[in-house]
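Engineer: I have a structure I would like to understand better, so I am pasting it below and will then ask my questions one at a time.
Each value in this text was obtained by applying a stated rule to the coordinates, not by laboratory testing. Bear in mind that the values here come from a model prediction, so they are computed numbers and not experimental data. Here Cβ is always computed from backbone atoms with ideal geometry, including for glycine, and neighbour counts include all displayed protein chains.
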Number of protein chains: 2
Amino acid sequence: MLVVQKYGGSSVADADRIMAVATRVARTREKADVAIVVSAMGKTTDNLIALAQQLSTAPDPREMDKLLATGEQASSALMTMALQSLGCKAVSLTGGQAGIITEVVHRKARISKIDPTRMRRELDKGNVLVIAGFQGITEHASWADITTLGRGGSDTTAVAVARALDADRCEIYTDVEGVYTTDPRIVPEARKLDSVSYEEMLELAGQGAKVMHSRAVELGELYDIEILVAHSQTEAPGTVIRHEDEQMEIRNPVRGIAHDAKTNRITVASVPDIPGAASRIFHALAEKNVSVDIIVQNVSSKGVTDLSFTVNDEDFGTALAVTTAVAKDLNAGEVTVDEDVAKVSIVGTGIRSHPGYADKMFSALAEAGINILSITTSEIRITVLINSDDIQQAVRVLHQAFELEKA
Amino acid sequence: MLVVQKYGGSSVADADRIMAVATRVARTREKADVAIVVSAMGKTTDNLIALAQQLSTAPDPREMDKLLATGEQASSALMTMALQSLGCKAVSLTGGQAGIITEVVHRKARISKIDPTRMRRELDKGNVLVIAGFQGITEHASWADITTLGRGGSDTTAVAVARALDADRCEIYTDVEGVYTTDPRIVPEARKLDSVSYEEMLELAGQGAKVMHSRAVELGELYDIEILVAHSQTEAPGTVIRHEDEQMEIRNPVRGIAHDAKTNRITVASVPDIPGAASRIFHALAEKNVSVDIIVQNVSSKGVTDLSFTVNDEDFGTALAVTTAVAKDLNAGEVTVDEDVAKVSIVGTGIRSHPGYADKMFSALAEAGINILSITTSEIRITVLINSDDIQQAVRVLHQAFELEKA
């Protein structure tokens, strides 16, 4: 049996925690082959970014990747030492040494392939693999540059490695005990879910549940890999992410309330209602690697329409610059921003096929006096944009309205 | 013209100093092509070692190399960002990306070859090369492991890169203004030397002058590369290391007083006076990569002899274990240690050919009441081992006796 485990930054934040994780890994090793993926220690990545920003207002992405990749390289070496000191054979591998090849894009590279030859050989020698998460290299052997997979990329590394090694289990260890019906810091009655589907997890994660990286969930779905999310320092059972099970029809269709307390809305007024106008904007944003979240475009009147979308803080500056330029080209109206908006969603497979959930959601918010700025829906979620100030109350009233505290 | 410059850890200890170095490099770039080699920031390496020691009493050398190499990888990326923010085209290269191939030995690897192809191509693009010092990779392309060159290895990187690129100048920037007649902290009258020969520098460095790494000086001598040692934050002219010049015959044959305030003496009593006995001991030490410093073996009596040698703190534990094992095999007597000894040397080309220097040295020490534990000499130095407590006084009286304060 082969188990892939990923340990996040807070799980390896200092020597004591690294040793605690090593002890856990050594125990797993008694029953199975093990490959672990580690993040950088604690706040290392944030500290490195802060240092870079002292030196350059727009640090070169290639250099940023090289800088940030040191965090995981260091933690993988330290974890390997900890395992060895417990008498557990282990070897650290950088992304490149693990055979993780990415496209030639920096800061947000996608994995193009994994050559598992070295991983296999090290496993055959009886080693625990300790893989530096979040990173890969570009293809060309001796000219290879270091790339990183973007925030949360260690989750992606873990799932991709699980696939490349045809692992029996993929476990993501973090500082939460699993996926909750909503953020327990806001709603103390929030309940841990035993399982969620990939789609539900994607909506929960994408809408702001800080448990696991979306790309990793997508990859898990694509390759049908069951993923356990659990706490790295407790024995609590965690949450399994897998394809929908047969319980779906009789359970509560609403599985959780996702929220994102801080996003930025950009609105372009009076966009000419001609084919390709929206595409021009979003093509330009995609070229700059800006992740656009909620897009709302209403029916047009008098040949023009207003177009809104939200982006996270990191991409906001770029997004605004790009949008302003394209809006000018399009002879559109003013570009306005609202930096004090938040998203809240109800998420669950089959929400669409169960009538009445939208009504119940909007009513609950209305009763609490919370104004809805805009609405979007997907097959498995309904999302509203509200003022940031209302976010905690919104999460609370929705959790209660859908009785999520009940199993 | 191509200039190779090396900047040590204290020169890149924080964002301000990195920016100061970048400004200096950008100025040099106006007149020449530039390749710089950087050490890890400030105390990074020491901090990483301390972290490793919390996890393992004997960290795996392969993992230590991987851990420590992150320091220079990070500083090279940061320096590159700083240069770019000044409008100076630059690219960072890890040891491997710079084509630095080493033997498959960890912690103290020697460079086996440098493939300058990528460095050349980046220079041709108009980039300043910012090379991570102290590190290389093992030969086998996709299986390459990261190696480090040992303490001070960034100096070695700089000289080796200067050779590989056939550079016109090699400049080592550090936190001292050059090579002094002795440590100015001990003797305020110590005088900075305009030039020293490679041999003198080797003796000065090897005997404890903390200016530059011996291997780098040896490499400079081997390839006849003039090396400037100067302060990274001032415009003081520094010291040039080069082959002896014609002034040698008329100048003071004693060029400086070197000292090493802390070393460890290991003595094996009653070693059988048979061919190969010493070789057995030193072969075993070499196999463990222990650098042995002063070796003293006196004439034998009754078929046995006492053998002493000194090793630095880092190697002391290994050296003692190895020596004790071999001494037992040889049926030698007790192995004793003295951890409170220090070395002081007079250094200068032609000391041997000028009679009377040994006498003058020993007399000066005797007058100061300093007891000599043992004596060794080379072509260009005379070294005595004394008690650690006497070291500062010894340096002072010798500096005065040889009138080194006079130009």
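Engineer: Taking the Cβ of residue B:270 as the centre, find all other residues whose Cβ is under 15 Å away and add up their charges (Lys, Arg: +1; Asp, Glu: -1). Mind showing how you got there, number by number?
Structural biologist: Working: positive: B:280, B:302, B:328; negative: B:273, B:306, B:329, B:334.
Taking every other residue near residue B:270 into account, the sum is -1.
Engineer: Quick one: compute the contact order of the range A:2-175, relative version, from alpha carbon pairs under 8 angstrom and 6+ residues apart, as a percent. Intermediate results must be reported in sequence, preceding the final value.
Structural biologist: Numbers: 372 pairs, mean separation 51.5, N = 174.
Across the range A:2-175, relative contact order equals 30 percent.
Engineer: If you don't mind, there's one more thing I want to ask. Would the range B:2-175 count as rounded, prolate or oblate if I go by the C-alpha gyration tensor, calling it rounded below 1.5 in a/c and otherwise prolate when a/b exceeds b/c, oblate otherwise?
Structural biologist: Here the range B:2-175 falls in the oblate category.
Engineer: Can you find, among B:319, B:382, B:330, the residue farthest towards the positive end of the dipole of the range B:257-401? Put +1 on the C-beta of Lys and Arg, -1 on that of Asp and Glu.
Structural biologist: Highest projection toward the positive end goes to B:382.
Engineer: If the only charges are +1 at each Lys and Arg Cβ and -1 at each Asp and Glu Cβ, what is the size of the charge dipole of the protein assembly as shown around the Cα centre, to the nearest 20 debye? Present the calculation step by step, with values, prior to reporting the outcome.
Structural biologist: Details: 82 positive and 112 negative charges, 105 e Å.
My answer is approximately 500 debye.
Engineer: When a/c is below 1.5 the answer is rounded, else prolate if a/b is larger than b/c, else oblate, so apply that to chain A with a ≥ b ≥ c taken from the square roots of the Cα gyration tensor eigenvalues.
Structural biologist: On the way: a/c = 2.11, a/b = 1.37, b/c = 1.54.
The shape class here is oblate.
Engineer: If you take every DSSP beta bridge whose two residues both sit in chain A, what share of them, in percent to the nearest 5, is antiparallel?
Structural biologist: Working: 44 of 72 bridges.
In chain A, DSSP labels about 60 percent of beta bridges as antiparallel.
Engineer: Between residue A:375 and residue B:244, what is the spin-label point distance in nm, taking each point 7 Å from the Cα along the Cα→C-beta axis?
Structural biologist: Taking the two extended label points, one gets 9.4 nm.
Engineer: While we're here: Among A:93, A:330, A:202, whose mean-square fluctuation peaks in a Gaussian network model of chain A (Cα, cutoff 10 Å)?
Structural biologist: Its mean-square fluctuation being the largest, the pick is A:330.
Engineer: Placing the label point 7 Å from Cα along the Cα-to-Cβ direction, what are the distances from residue B:325 to the equivalent spots in the other copies, shortest first, in nm to one decimal?
Structural biologist: When each copy's label point is compared with this one, the spacings are 6.5 nm.
Engineer: So what's the net charge close to residue B:299: Lys and Arg +1, Asp and Glu -1, counting the other residues with Cβ under 14 Å from its Cβ? Write down the numbers at each step before the final one.
Structural biologist: Numbers: positive: B:302; negative: B:273, B:306.
Net charge in that neighbourhood comes out at -1.
Engineer: Under 17 Å Cα-Cα from residue A:302, which aspartates and glutamates qualify once same-chain neighbours fewer than 8 residues away are excluded?
Structural biologist: Within the straight-line cut-off, residue A:302 pairs with A:273, A:334.
Engineer: I've got another one for you. Return the calculated 222 nm mean residue ellipticity for chain B, to the nearest 500 deg cm²/dmol, obtained by summing -39500 (n - 2.57) across DSSP H runs with n ≥ 4 and dividing by the residue count. Please list the in-between numbers first.
Structural biologist: Values: 11 runs with 141 residues, N = 407.
Taking each H run of at least 4 residues, the total per residue is -11000 deg cm²/dmol.
Engineer: Taking the label point as lying 7 angstrom from Cα along the Cα-to-Cβ axis, what are the distances from residue B:57 to the corresponding position in the remaining copies, in ascending order and in nanometres?
Structural biologist: Going from nearest to farthest copy, the values are 5.5 nm.
Engineer: Let me ask something else. Would you please give the FRET efficiency between residue A:360 and residue A:340, computed as 1/(1 + (r/R0)^6) with r the Cβ-Cβ distance and R0 = 22 Å, to the nearest 0.05?
Structural biologist: On the way: r = 26 Å, r/R0 = 1.20.
My answer for the efficiency is 0.25.
Engineer: Now a separate question. Which helices, counted as full DSSP H runs in chain B, have an axial Cα extent of no less than 18 Å and a Kyte-Doolittle average of -1.0 or above? All intermediate terms of the calculation are to be shown ahead of the outcome.
Structural biologist: Working: long enough: B:15-29 (21 Å, -0.06); B:61-85 (36 Å, -0.14); B:313-329 (25 Å, 0.11).
Span-like helices in chain B: B:15-29, B:61-85, B:313-329.
Engineer: Restricting the count to DSSP beta bridges whose residues both fall in the protein assembly as shown, what percent are antiparallel, rounded to a multiple of 5? Mind showing how you got there, number by number?
Structural biologist: Details: 87 of 143 bridges.
Just about 60 percent of them are antiparallel.
Engineer: Let me spell out the model: positive unit charges on the Cβ of Lys and Arg, negative unit charges on the Cβ of Asp and Glu, origin at the Cα centre of the range A:2-175. What dipole size does that give, in debye rounded to 20? Intermediate values should be presented prior to the final figure.
Structural biologist: Details: 21 positive and 20 negative charges, 58 e Å.
Once rounded to the nearest 20, the dipole reads 280 debye.
Engineer: Label position 7 Å from Cα toward Cβ: report the copy-to-copy distances for residue B:387 in nm, one decimal, ordered from shortest.
Structural biologist: Residue B:387 label point versus its equivalents elsewhere: 8.1 nm.
Engineer: Continuing with this model, one more query. Measuring from label point to label point, each 7 Å out along Cα→Cβ, what is the residue B:262 to residue A:298 span in nm?
Structural biologist: 7.4 nm
Engineer: Under a plain spin-label model, where a point goes 7 Å from the Cα along Cα-to-Cβ, how far apart in nm are residue A:151 and residue B:192?
Structural biologist: It works out to 4.8 nm between the two label points.
Engineer: As an exercise, use a Förster radius of 41 Å and the Cβ-Cβ distance of residue B:143 and residue A:23 to find the FRET efficiency, rounded to the nearest 0.05.
Structural biologist: Values: r = 30 Å, r/R0 = 0.73.
After rounding, the FRET efficiency stands at 0.85.
Engineer: Can you compute the charge dipole magnitude of chain A about its Cα centre, using +1 on each Lys and Arg Cβ and -1 on each Asp and Glu Cβ, nothing else charged? Give it in debye, rounded to the nearest 20. Intermediate values should be presented prior to the final figure.
Structural biologist: Details: 41 positive and 56 negative charges, 175 e Å.
Taking the Cα centre of chain A as origin, the dipole is about 840 debye.
Engineer: Now for a different question. At a threshold of 8 angstrom on Cα-Cα distance, excluding pairs fewer than six apart, so keeping six or more, what relative contact order does chain A reach in percent? List each step's numbers first, then the result.
Structural biologist: On the way: 890 pairs, mean separation 55.2, N = 407.
Rounded, it is 14 percent for chain A.
Engineer: Charges on Cβ only, +1 for Lys and Arg, -1 for Asp and Glu, centred on the Cα centroid of the range A:2-175; of A:26, A:109, A:45, which one is farthest towards the dipole's positive end?
Structural biologist: Of the candidates, A:26 comes out farthest on the positive side.
Engineer: Could you compute the FRET efficiency for residue A:57 and residue A:286, with r as their C-beta to C-beta distance and R0 at 25 Å, rounded to 0.05? Please list the in-between numbers first.
Structural biologist: Numbers: r = 24 Å, r/R0 = 0.94.
It comes out at approximately 0.60.
Engineer: If you don't mind, there's one more thing I want to ask. Classify the range A:257-401 as rounded, prolate or oblate from the Cα gyration tensor: take a ≥ b ≥ c as the square roots of its eigenvalues, call it rounded if a/c is under 1.5, otherwise prolate when a/b beats b/c and oblate if not.
Structural biologist: Numbers: a/c = 2.09, a/b = 1.75, b/c = 1.19.
Because a/c hits 1.5 or more and a/b exceeds b/c, the range A:257-401 counts as prolate.
Engineer: Determine the percent antiparallel among the DSSP beta bridges restricted to the range B:2-175, to the nearest 5. Display every interim value, and only then the final one.
Structural biologist: On the way: 6 of 27 bridges.
Given both bridge residues lie in the range B:2-175, the antiparallel proportion sits at roughly 20 percent.
Engineer: Could you go through the range B:343-348 in sequence order and give the Karplus-derived ³J(HN,Hα) for each residue, using 6.51 cos²θ - 1.76 cosθ + 1.60 with θ = phi - 60°, rounded to whole Hz, and x for Gly and Pro?
Structural biologist: 10, 9, 9, 9, 10, x
Engineer: Using the structure shown, select from B:6/B:108; B:288/B:328; B:66/B:89; B:262/B:406; A:113/B:125 the pairs with a Cα to Cα distance greater than 23 angstrom.
Structural biologist: Violating the 23 Å limit, Cα to Cα: B:66/B:89; B:262/B:406; A:113/B:125.
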